[in-house]
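Scroll down for the structure; my scribbles are underneath it.
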Amino acid sequence: MLSPRLLLLRSAASVTTRALCTGGASNRGRAPDMAEGDPLLHVSNVRNRLREIVGASTNWSDHQQAMAERVSLSSMLAKSQNDLPAKRMKDSFLEVHLPLGSEPQLREKYLTFHNTVRFGRILEDLDSLAVLISYSHTYNATLKRSPLSIVTALVDKIDMRQQIIYPDCDIRFTGHVTWVGKTSIEAKMHMSQYHDGAYTPVLDATFVMVARDPENKRAAFVNPLKPEGPEEEKIFQEGEANKSRRQELSTASLLKVAPTDEERKIVHSLFLNTLDTKTVSFRSRVLPPTSVWMEDAKLKGLEICHPQERNIFNRIFGGFLMRKAYELGWANACSYGGCRPSLVAVDDILFQRPVEIGSLLLLSSQVCYTQGKYIQVRVHSEVFEPLTRQHNTTNVFHFTFVSDRDVPNIIPMTYGESMLYLDGKRHFNQTVEN
């Protein structure tokens with residue numbers, strides 16, 4: 001059902017300014033495995049394959065009916081994980097290609113005005129690939145359609161291995177399942193780009209997916225994972241460690257517990273540095289030199305969620321949400337630093353609830369921590385219901401950018417902003433210093 005295993009991914013990324021390689025040099029970006037006549041498929045077939053797996057339709061009205069018919073698949077769900085056969089890591093392995101060098105007509109969708117590649121597009125394609133990898137792991141040859149609804153729960157980490165992504169060089173994605181719980185799946189993916197006769201690593205990504213019933217209401221069991229050999233056992237144990245780390249971070253969240261002693265000292269030091277020495281008042285605050293109040297480092301946006309951006313389960317595509325959040329966060333970092341920043345890492349993107357089609361999606365980006373040339377940006381997304389005037393958080397995104405120059409220090413004024421500052425510092429430390 002999932003063959004051919006190798007798929008072509010028409011995707012892209014954006015990071016730093018890089019002029020297009022033209023003329024005779026363009027062949028340097030054309031990989032030999034993307035030659036004309038190669039049987040591998042294009043990126044559209046990744047999404048098409050997902051539609052086939054769950055029985056979705058490309059037509060909006062037919063799609064709604066197809067989703068209603070999925071309810072009958074509930075009887076095919078396993079009653080226990082023990083009822084499912086164990087799978088190997090290689091069962092879910094996929095290699096997916098984006099022929100930006102071989103097929104120039106693909107570039108326009110992913111190019112910026114500055115001839116860079118839009119990283120938001122990479123986020124969309126990584127999300128689709130993670131879902132397909134997860135369905136590869138749970139593949140059952142006896143079923144025409146999968147009863148599972150597999151969705152993204154968390155983007156644990158995306159680390160950039162290099163800042164330059166060439167807009168006219170072929171890209172390759174590889175990935176497979178690395179850890180499995182009872183109803184959750186960790187998928188790791190790697191992106192490399194063909195340049196000057198060889199593939200060079202660009203990024204590593206770790207996504208956590210969850211399996212739910214056909215109506216996407218309850219958790220559903222997935223096949224256990226059986227590591228083969230010491231190397232795979234080590235990979236699996238890393239997945240266990242990642243799960244433990246996420247649980248520890250959740251327990252220590254500043255939304256649940258007070259800051260540490262060291263963090264309290266940091267907040268108090270920031271407060272003392274902003275007091276007006278000419279007055280004896282806790283309320284008289286003065287902005288230090290080369291600094292910006294946190295209140296003045298915000299950027300907001302609004303998206304009307306149309307059917308075109310739906311996923312295979314009739315909700316708004318998670319990759320679309322990530323792309324919009326990244327672009328807003330990048331614009332905020334660009335405005336704050338006064339130059340075009342480069343992405344260092346994406347960290348801890350949490351999907352708290354799905355976004356329904358027709359929703360008004362409010363996006364708010366905040367520079368929450370700075371250090372030298374680094375800018376930590378937090379993007380909060382929420383759905384606004386005009387009739388009830390209610391706001392419901394859907395996602396929280398964390399991006400680390402680096403500028404080509406030192407940036408102003410961000411200064412919190414209120415206690416709430418101080419917590420945002422400390423949270424940003426924690427994410428920055430995990431990304432840059434670890």
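Read-outs: derived from the displayed coordinates by stated rules, not from any lab. This is a predicted model, so every value here is computed, not measured. Every residue, glycine as well, gets a Cβ built from its backbone with ideal geometry; the counts of neighbours run over all protein chains shown.
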The chain: most fluctuating residue of Thr400, Thr116, Thr200 per GNM, C-alpha cutoff 10 Å
Thr200
Okay, helix-only estimate at 222 nm for the chain: each DSSP H run of n ≥ 4 adds -39500 (n - 2.57), divide by all residues, round to 500 deg cm²/dmol; what do you get?
-8500 deg cm²/dmol
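How high is the relative contact order of the range 341-427, given as a whole-number percent (alpha carbon pairs under 8 Å, six or more residues apart)?
Numbers: 170 pairs, mean separation 31.4, N = 87.
Computed value for the range 341-427: 36 percent relative contact order.
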When N counts the residues of the range 45-189, how does its alpha-carbon radius of gyration compare numerically with 2.2 N^0.38 Å, as a ratio?
1.20
Taking a ≥ b ≥ c as the square roots of the eigenvalues of the Cα gyration tensor, with a/c under 1.5 meaning rounded and otherwise prolate when a/b exceeds b/c and oblate if not, the range 394-434 is oblate
Taking the alpha-carbon centroid of each part, what is the distance from the range 228-281 to the range 385-409 in angstrom?
18 Å
Once each part is reduced to its C-alpha centroid, what is the distance from the range 81-138 to the range 153-202 in angstrom?
8 Å
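Tell me the relative contact order for the chain as a rounded percent, counting alpha carbon contacts under 8 Å between residues six or more apart. List each step's numbers first, then the result.
Working: 926 pairs, mean separation 70.4, N = 434.
Over the chain, the number comes to 16 percent.
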Select from Met209, Met189, Met76 the residue whose mean-square fluctuation is largest in a Gaussian network model of the chain (Cα-Cα springs shorter than 10 Å).
Met76
Using a cut-off of 23 Å between alpha-carbon atoms, which lysines can reach Lys234, once sequence neighbours fewer than 8 places away in the same chain are excluded?
Lys87, Lys90, Lys157, Lys182, Lys188, Lys226, Lys243
Could you give the size of the charge dipole of the chain about its Cα centre, using +1 on the Cβ of each K and R and -1 on the Cβ of each D and E, expressed in debye and rounded to the nearest 20?
580 debye
So if I average 1/r over every pair of distinct C-alpha atoms in the range 345-404 and take the inverse, what Kirkwood radius in Å does that give?
12.8 Å
Please determine, in degrees from 0 to 90 and to the nearest 10, the orientation of helix 44-54 with respect to the longest principal axis defined by the Cα atoms of the chain, where the helix direction is its Cα long axis.
70 degrees
Quick one: in the chain, what % of C-alpha pairs are over 30 Å apart?
47 percent
Below 8 Å, C-alpha to C-alpha, sequence gap of six or more: please give me the relative contact order for the range 288-434 in percent.
30 percent
Most fluctuating residue given options Pro408, Pro214, Pro167, as computed from a GNM of the chain linking Cα atoms under 10 Å
Pro408
